[in-house]
Amino acid sequence: MTHPLQTAAWANFRKAMGIDVARFHNWYVSFHRIPHTPYSIGYFPKGPNPTKTMIEKLKILGKEKKAVFIQLEPNTTARFTGLPPSHHPLFTKYTFIIDLTKSEEELLKAMHPKTRYNIKIAEKHNVKIQEDNSDNAFETYLRLTQETTNRQGFYAHNQTYHRTMWKTMHQAGIAKLWTATYKGQVLAAWIIFVYDGVMYYPYGASSREHREVMAPNLLLWELIKWGKQKKLNAFDLWGAIGPPPAGGPDPKNPWYGFHRFKSGFSPKLVEFVGSYDLVIQPILYKLYCLADTVRWSVLKLLK
């Protein structure tokens with residue numbers, strides 16, 4: 001199954017952002033310049049599990065691009081060996097997936113009772129859910145995205161990223177914008193991807209206001225029903241914290257709220273193979289890892 005991040009549309013988006021993207025067989029690998037140096041970092045997201053032949057060819061490509069390493073995050077649950085775990089994974093190792101081949105009754109029955117209750121609350125408050133790809137809706141999405149990232153305390157992409165991504169992926173027919181509105185005010189705006197029989201939830205934002213009407217719960221439920229109408233097979237919620245320890249996920253985790261919200265719909269927790277670094281220049285790789293560790297430590301102190 002091909003992932004949206006391995007489409008020509010996504011490659012074009014990355015190129016529009018000034019990133020060097022190389023075609024590797026039927027896949028795409030991006031190379032990101034390390035500031036003030038002639039070196040780069042390769043990124044190969046959501047591709048296949050690499051074979052030994054692929055790894056050797058990736059090494060050749062990496063040397064041509066002066067890459068210190070290429071980070072691989074295969075879109076598979078199958079295990080492979082031969083590469084060290086990534087110093088700094090980008091994608092979560094886990095995601096939640098809802099089986100859209102199940103009936104609405106089965107999906108509702110499997111939900112947490114609180115989630116079903118919240119959906120009913122939103123319906124009673126006449127929260128309106130719709131696909132809205134207008135410029136006004138997208139500007140609202142940007143505003144809510146800024147509000148959400150400030151509230152949750154995590155790092156996010158800037159407006160140039162979102163604008164370029166939306167323009168490219170929407171024109172390709174992959175990205176769609178959905179909103180939840182209450183009394184004329186948009187309370188939630190999500191960008192979803194639809195590709196190869198699967199719906200994805202990569203970007204979402206919500207307002208602090210009128211949280212009592214539970215708009216996001218109805219938005220996700222209506223998207224599930226829409227996906228079923230379109231005969232899609234699955235809804236990938238784009239990330240999860242992972243299997244809960246004895247006490248459950250850490251509430252201090254910045255993604256805790258998203259994880260708890262998604263888990264209320266009783267999706268299947270899927271574990272991918274993980275993130276690995278194909279090291280091309282070992283000495284520079286060690287220096288990069290050290291510098292990157294220091295950088296993130298400083299950023300956390302400044303939050």
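The values are calculated or read from the model by the stated rules, or taken from the named source; none is laboratory data. Since the structure is predicted, the reported quantities are computational estimates derived from the model, not experimental observations. Please note: Cβ atoms are built from the backbone with ideal geometry, for glycine as well, and neighbour counts cover all protein chains shown. The area values use the complete protein model at the heavy-atom level, side chains included, leaving out ligands, DNA and RNA. Shrake-Rupley method; radii C 1.70, N 1.55, O 1.52, S 1.80 Å.
Output the strands (runs of 3 or more DSSP E) that fall wholly within region 167-250 and possess 2 or more residues being free of Cβ contacts under 8 Å to residues at least 60 places away in the same chain, or say none.
Answer list for region 167-250: 175-182, 185-195, 198-206.
Quick check on my filter: what residues within region 223-256 are open to solvent by 40 Å² or more (accessible area, probe 1.4 Å) and either modelled with pLDDT of 90 or more or under 18 Å from Lys114 (Cα atoms) (or both)?
Those that are open to solvent by 40 Å² or more (accessible area, probe 1.4 Å) and either modelled with pLDDT of 90 or more or under 18 Å from Lys114 (Cα atoms) (or both): Lys225, Lys228, Gln229, Lys230, Lys231, Asn233, Trp238, Tyr256.
What's the number of the only condition in (1) open to solvent by less than 40 Å² (accessible area, probe 1.4 Å); (2) within 20 Å of the chain's Cα centre (by Cα) that Val127 fails to meet?
Only one criterion is unmet by Val127, namely (2).
Would you mind stating whether Pro113 is at pLDDT below 95 and either open to solvent by 60 Å² or more (accessible area, probe 1.4 Å) or more than 28 Å from Ile34 (Cβ to Cβ) (or both)?
Numbers: at pLDDT below 95: no; either open to solvent by 60 Å² or more (accessible area, probe 1.4 Å) or more than 28 Å from Ile34 (Cβ to Cβ) (or both): yes.
When the stated conditions are applied, Pro113 does not pass them.
Pull up region 1-20, narrow it to residues that are without any contact (Cβ under 8 Å) to a residue 60 or more places away in the chain and in a loop (DSSP other than H, G, I, E, B), then point me to the one that is farthest from Ile70 (Cα to Cα).
Restricting to residues being without any contact (Cβ under 8 Å) to a residue 60 or more places away in the chain and in a loop (DSSP other than H, G, I, E, B), the top hit is Gly18.
Could you please let me know if Leu219 is over 28 Å from Leu144 (Cβ atoms), touching a strand residue (DSSP E or B) at 6+ places or on another chain (Cβ under 6 Å), open to solvent by less than 20 Å² (accessible area, probe 1.4 Å) and modelled with pLDDT of 95 or more?
Answer is no for this residue.
In region 257-278, what residues are more than 17 Å from the chain's Cα centre (by Cα) and open to solvent by less than 40 Å² (accessible area, probe 1.4 Å)?
Gly264, Phe265, Tyr276, Asp277, Leu278
Out of the residues in region 171-206 that are modelled with pLDDT under 95 and open to solvent by 10 Å² or more (accessible area, probe 1.4 Å), which is farthest from Leu237 (Cα to Cα)?
Restricting to residues being modelled with pLDDT under 95 and open to solvent by 10 Å² or more (accessible area, probe 1.4 Å), the top hit is Ser206.
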